[in-house]
1. Only one residue in LEU217, LEU253, LEU269 is assigned to a loop (DSSP other than H, G, I, E, B) and among the aliphatic types (A, V, I, L, M). Which one?
2. Is it the case, given these coordinates, that ASN74 is more than 20 Å from the chain's Cα centre (by Cα), of a type outside the set (A, V, I, L, M, F, W, C), under 20 Å from ASN124 (Cα atoms) and in a loop (DSSP other than H, G, I, E, B)?
3. Exactly one condition in (1) assigned to a loop (DSSP other than H, G, I, E, B); (2) surrounded by fewer than 14 Cβ atoms within 10 Å (Cβ to Cβ); (3) more than 31 Å from the chain's Cα centre (by Cα) is false for ILE373; which is it?
4. Applying the selection to region 356-376, what residues are within 14 Å of GLN245 (Cα to Cα) and touching a strand residue (DSSP E or B) at 6+ places or on another chain (Cβ under 6 Å)?
5. Just to verify a result, which residue in region 220-242, among those that are assigned to a strand (DSSP E or B) and at pLDDT 95 or above, is farthest from GLU271 (Cα to Cα)?
6. Please list, ordered by first then second residue, the pairs with beta carbon atoms under 9 Å, 6 or more apart or interchain, first in region 63-88 and farther than 18 Å from ALA147 by Cβ and without any contact (Cβ under 8 Å) to a residue 24 or more places away in the chain, second of a type in the set (D, E, K, R) and surrounded by fewer than 16 Cβ atoms within 10 Å (Cβ to Cβ).
7. Among the residues of region 118-133, is any loosely packed, with under 15 Cβ neighbours inside 10 Å, not in a loop (DSSP other than H, G, I, E, B) and not polar (S, T, N, Q)?
Amino acid sequence: MKKKQPALCLAQCLQIEKQPAHSRNDAVLQDNLHHNKTGKMKMQKFILLRGHQGSGKSTFAEQKIAEFQKEFPNAQIVHIENDKELTDENGVYRFSREALAQAQQKGMAALKNTLKFGQQHKQNPILIINSNTNQKANACRSLLDLAKKFGFETEVYRLHNFYPNLHHVPESDVLAAYFRLNQNRVKGEIHVPAEQPISAAKQAVIDEMAKFHRMPLDFDETQQTYVTQRFLQCGQRDFTAKTSQKYPKLRVLKYRSSVFYENRFNDALLEMRGLVVDAHGRIIVRPFKKVFNYSERIAKNSKYPIEISENHLVDAVVKVNGFLGVCTHVRLPEDHPSFGAAFQGKTLYSTTGSLDSGFAEMVQNHCSRYENIFME
């Protein structure tokens with residue numbers, strides 16, 4: 001009598017998938033991508049999916065789970081997907097940054113616990129599948145290296161479908177994610193042919209994004225800024241746009257950490273250290289521009305170099321550790337597209353990354369007593 005595999009004994013964050021499901025993705029891939037040299041599927045595998053919103057990741061994950069369960073009926077399946085954690089028991093999707101952070105922590109714990117369990121039980125068939133967007137190549141490589149360290153076989157799939165996304169993510173964000181994935185490839189990733197390919201109109205936007213990064217920046221004379229509508233649409237790989245919880249019509253723009261570490265600043269990104277724009281791309285809060293340290297200015301690849309002779313006198317100051325707080329009283333003219341919005345006539349307290357964080361609250365607690373100064 002065949003001995004049944006023991007149940008996976010892990011934290012409650014592990015999700016055991018028992019029922020195989022059908023998939024709309026039925027791409028034919030070579031058998032050697034799924035099987036070892038003996039012709040059998042490896043017993044312990046980590047699959048990483050990469051794809052924009054609406055690319056069919058969840059459905060493709062169900063297909064891979066069904067394939068694995070066909071080979072190993074008693075397999076233990078761990079499906080890691082943030083959206084599942086953000087969906088309540090009634091099927092209602094509720095997004096918040098706090099909930100997303102918790103889902104990410106839970107997923108990482110599930111991955112590490114399962115890898116450790118698999119290393120200790122090498123005869124147990126285990127499939128771990130991560131079906132998040134996985135846009136950052138470095139983060140993907142870290143996950144794959146971790147799985148290999150514990151002896152798991154790894155596969156990476158890139159999906160290209162353009163189905164309507166379930167959570168109504170704006171098209172501009174979807175295309176920005178698709179573009180970032182194109183720019184941040186992972187070695188060995190398998191590109192699954194699209195059943196619902198990108199439309200000609202959307203492809204034209206992607207082509208414009210690619211061309212945009214090779215051209216000089218436009219300057220908006222009206223707002224006196226390099227952060228133009230075109231930059232907001234085509235330059236999203238280089239900055240984050242955090243929607244305010246207090247004022248959902250406002251977004252806080254901040255250059256990505258990769259821009260800092262790879263020294264990819266330009267004149268628009270210098271403005272994005274807490275720049276706040278409304279739903280029309282109009283600037284509401286304008287903080288100080290990025291200021292470079294001396295060592296950054298004299299670096300060989302500096303885009304903003306400086307030369308100071310040894311006998312040149314300079315003012316030396318002590319740099320105090322802290323954060324930038326910005327206080328802005330909003331008073332818009334009647335012809336402004338955001339006139340009458342919830343933030344009209346309010347004093348906004350922000351930092352380089354948020355209108356809602358604890359640091360923003362610290363700014364408000366410290367500066368609200370001086371609000372009359374901001375209103376003059």
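1. On the way: LEU253 fails: assigned to a loop (DSSP other than H, G, I, E, B); LEU269 fails: assigned to a loop (DSSP other than H, G, I, E, B).
Exactly one residue qualifies, and that residue is LEU217.
2. Values: more than 20 Å from the chain's Cα centre (by Cα): yes; of a type outside the set (A, V, I, L, M, F, W, C): yes; under 20 Å from ASN124 (Cα atoms): yes; in a loop (DSSP other than H, G, I, E, B): yes.
Spelling it out, ASN74 is indeed more than 20 Å from the chain's Cα centre (by Cα), of a type outside the set (A, V, I, L, M, F, W, C), under 20 Å from ASN124 (Cα atoms) and in a loop (DSSP other than H, G, I, E, B).
3. If we test ILE373 against (1) assigned to a loop (DSSP other than H, G, I, E, B); (2) surrounded by fewer than 14 Cβ atoms within 10 Å (Cβ to Cβ); (3) more than 31 Å from the chain's Cα centre (by Cα), just (1) comes out false.
4. The first filter runs over region 356-376 and keeps only residues within 14 Å of GLN245 (Cα to Cα), leaving 356-358, 360-361.
ALA360 - this is the single residue of region 356-376 that is within 14 Å of GLN245 (Cα to Cα) and touching a strand residue (DSSP E or B) at 6+ places or on another chain (Cβ under 6 Å).
5. Applying the first criterion (assigned to a strand (DSSP E or B)) to region 220-242 yields 220, 225, 239-242.
If we keep only those that are at pLDDT 95 or above too, we end up with 220, 225.
On the way: ASP220: 13, THR225: 8 Å.
In this case the residue turns out to be ASP220.
6. LEU86/ARG94; THR87/ARG94; ASP88/ARG94
7. Checked against the condition, which is being loosely packed, with under 15 Cβ neighbours inside 10 Å, not in a loop (DSSP other than H, G, I, E, B) and not polar (S, T, N, Q), region 118-133 yields no hits at all.
Table: residues versus (1) over 27 Å from TYR93 (Cβ atoms); (2) more than 20 Å from the chain's Cα centre (by Cα); (3) not hydroxyl-bearing (Ser, Thr, Tyr).
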{"position": "VAL169", "(1), (2), (3)": "no, no, yes"}
{"position": "VAL186", "(1), (2), (3)": "yes, no, yes"}
{"position": "ILE198", "(1), (2), (3)": "no, yes, yes"}
{"position": "ASP207", "(1), (2), (3)": "yes, yes, yes"}
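The values are calculated or read from the model by the stated rules, or taken from the named source; none is laboratory data. The structure presented is a predicted model; accordingly, all values stated were derived computationally and were not measured. Positions of Cβ are generated from backbone atoms using ideal geometry, with glycine treated the same way; all protein chains shown enter the neighbour counts.
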